[in-house]
């Protein structure tokens, strides 16, 4: 929404959570950006994007969860000479602690180090133009907003045990970040 409001461009956005899609859609309407931003409830494993349709592809904070499917969607959708903006999670040292593995990398053998991530990107033909490290404050602000949304969903689904378990798992991530002082850096 920030990019659409600031630059007036059109964005197609995807998320596997129907609640997040609905919340984002409502927010774009409130901000008067509904004609610039569309949100679709779609899992990346079933995401088909029009080849070479976009000037840029963006994946913030989720690529580590669905690396191959995410890369396919990003690379296929971006025009030759276009840009990828990726916020990726990596570990400074491997092996990662068990609790970090359980929350962030449950489907991976071991997470990537920064050097591994750089190699992965460049081996796929991506030229890294810039790297930024997110500050602890940025990550804590993110988890504060996420926690508010999760508390809202917990009230909404108070009688749904399966939803409550999912919400608790998501809250666990924020608690771990606060307790271990971890946050991400990655090529962008």
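All of the numbers you see were taken from the coordinates with simple rules; none came from a lab. Because the structure is predicted, anything quoted here is derived from the model rather than measured. Cβ: placed from backbone, ideal geometry, glycine included. Neighbour counts: every protein chain shown.
From least to most packed, judged by other beta carbons within 10 angstrom and beginning with the fewest, 178, 118 follow the order 178, 118.
In plain terms, the residue of 50, 113 with the fewest other Cβ atoms within 10 Å comes first and the most crowded comes last, giving 50, 113. Treating each Cα of the stretch 2-134 as one equal point scatterer and applying the Debye formula with no solvent, the log10 of I(q)/I(0) at q = 0.13 Å⁻¹ comes out as -0.64. Each label point was placed 7 Å from the Cα along the Cα-to-Cβ direction; for residue 20 and residue 34 their separation is 2.3 nm.
Across the stretch 1-67, counting alpha-carbon atoms alone, Rg and Dmax equal 12.3, 33 Å. Between the beta carbons of residue 179 and residue 130, assuming R0 = 45 Å, the FRET efficiency works out to 0.90 to the nearest 0.05. Neighbour counting of Cβ atoms within 10 Å sorts the residues 172, 130, fewest neighbours leading, into 130, 172.
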